[in-house]
2 protein chains.
Amino acid sequence: MNPTHVEHIGIAVKNLDEAIQLYENIFGLKCYQVEEVPDQKVKTAFFMVGQTKIELLESTSADGPIGKFIEKKGEGIHHIAFAVNGLAARLPYLEKQGIQLIDKQPRKGAEGLNIAFLHPKSTFGVLTELCEKP
Amino acid sequence: MNPTHVEHIGIAVKNLDEAIQLYENIFGLKCYQVEEVPDQKVKTAFFMVGQTKIELLESTSADGPIGKFIEKKGEGIHHIAFAVNGLAARLPYLEKQGIQLIDKQPRKGAEGLNIAFLHPKSTFGVLTELCEKP
């Protein structure tokens, strides 16, 4: 799938405002956007570090994917997203290689990107997202 | 601390060779180095994706940090490393801001970098590494 770079790293937090304080005031990064993604039941905050975004994720519902993740594993790194080209065509290839797809076709994610998730069962425990600019 | 980019993402795996197959043969990345870091009881494999390295980590001992992590949480993303300048001077500042340091002074890590870890207790569950080229 030849990713060009790490598009973002998703981090599950209980309280977005408190986590933003850490990344802004102590790590010296600038939060350039806060966005709610109702589809994923999350509120997100973005920071740019070189080519890569840090995406903080707070669940807006206990039964959302981030709420469940925190309940099971606690706060922490939730997923890695790679930027790729030709996403739609790559998914059937990955499936043929034995990768379990969460999304069989690209769907819309935060920041208007086309995204698809690969199941961590087939990627050694890493929830892996692929992203492409529309 | 104004990181310039995400230097690497550390991923804990049970079997380095099997994980390398995924990243090389399916994700299309090139493993450019395999290195043992006895101090950390790990064998590591590195892949470059844009500015960022993927660092796969296999424990060489059940009582090493990666062995313990996998026992507790399973395989998956273990830590994020930010590239910073002036690492030694930044650590006392971070401690003053309430960040719990695992390393009070920089030490040598993989690839000859000067590194220091911040405790996930004070970074919302994210084991955070800071790196600087010597």
Subject >> Search result, residues across region A:27-64 that are over 14 Å from residue A:11 (Cα atoms) and basic (Lys, Arg) >> reply: A:30, A:41
Original post:
Within the bounds of region A:79-87, is there any residue that is modelled with pLDDT of 95 or more and more than 14 Å from chain B (Cβ to nearest Cβ)?
Top reply: no
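Would a scan of region B:83-102 turn up a residue that is in contact (Cβ under 8 Å) with a residue 40 or more places away in the chain and within 25 Å of residue B:24 (Cβ to Cβ)?
Yes, there is a match, as at least one residue in region B:83-102 is in contact (Cβ under 8 Å) with a residue 40 or more places away in the chain and within 25 Å of residue B:24 (Cβ to Cβ).
Taking residue B:120 as the residue in question, decide whether it is out of contact with any strand residue (DSSP E or B) (no Cβ under 8 Å at 6 or more places or on another chain) and of a type outside the set (Ser, Thr, Tyr).
no
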Original post:
Which of the residues spanning region B:29-43 are exposed (fewer than 15 other Cβ atoms within 10 Å of the Cβ) and modelled with pLDDT of 95 or more?
Top reply: B:30, B:32, B:33, B:34
Subject >> Residue, farthest from the chain's Cα centre (by Cα), within region B:39-56, restricted to residues that are among the charged types (D, E, K, R) and closer than 18 Å to residue A:79 by Cα >> reply: B:53
Original post:
Can you pull out the residues in region A:61-101 that are among the hydroxyl-bearing types (Ser, Thr, Tyr) and part of a helix (DSSP H, G or I)?
Top reply: A:93
**OP:** Could you please find all residues in region B:1-22 being within 24 Å of residue B:72 (Cβ to Cβ) and buried (at least 21 other Cβ atoms within 10 Å of the Cβ)?
**Re:** B:8, B:9, B:10, B:11, B:12, B:13, B:19
Subject >> Check on residue A:65, touching a Ser or Thr at 6+ places or on another chain (Cβ under 9 Å), loosely packed, with under 14 Cβ neighbours inside 10 Å and more than 8 Å from chain B (Cβ to nearest Cβ) >> reply: no
Original post:
Given the residues B:36, B:58, which is the only one that is in a strand (DSSP E or B) and more than 12 Å from chain A (Cβ to nearest Cβ)?
Top reply: B:36
Original post:
Out of all the residues in region B:24-31, is one or more assigned to a helix (DSSP H, G or I), more than 10 Å from chain A (Cβ to nearest Cβ) and under 18 Å from residue A:122 (Cβ atoms)?
Top reply: yes
**OP:** Examine region A:43-56 for a residue that is free of Cβ contacts under 8 Å to residues at least 24 places away in the same chain and of a type in the set (A, V, I, L, M, F, W, C), and state whether such a residue exists.
**Re:** yes
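If you check B:120, B:92, B:134, B:106, which single one turns out to be surrounded by 13 or more Cβ atoms within 10 Å (Cβ to Cβ), over 23 Å from residue A:54 (Cα atoms) and not hydroxyl-bearing (Ser, Thr, Tyr)?
B:106
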Original post:
Among the candidates A:75, A:111, which residue alone is under 17 Å from the mean Cα position of the chain (by Cα), among the acidic types (Asp, Glu) and within 9 Å of chain B (Cβ to nearest Cβ)?
Top reply: A:75
Original post:
Since residue B:97 meets every condition but one in (1) under 30 Å from residue A:99 (Cα atoms); (2) surrounded by fewer than 20 Cβ atoms within 10 Å (Cβ to Cβ); (3) among the polar types (S, T, N, Q); (4) within 14 Å of chain A (Cβ to nearest Cβ), which condition does it not meet?
Top reply: (1)
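The values are calculated or read from the model by the stated rules, or taken from the named source; none is laboratory data. Note that the structure is predicted; figures quoted are calculated from it, not measured. Because the Cβ atoms are built from the backbone with ideal geometry, glycine has one as well, and the counts that use them run over all protein chains shown.
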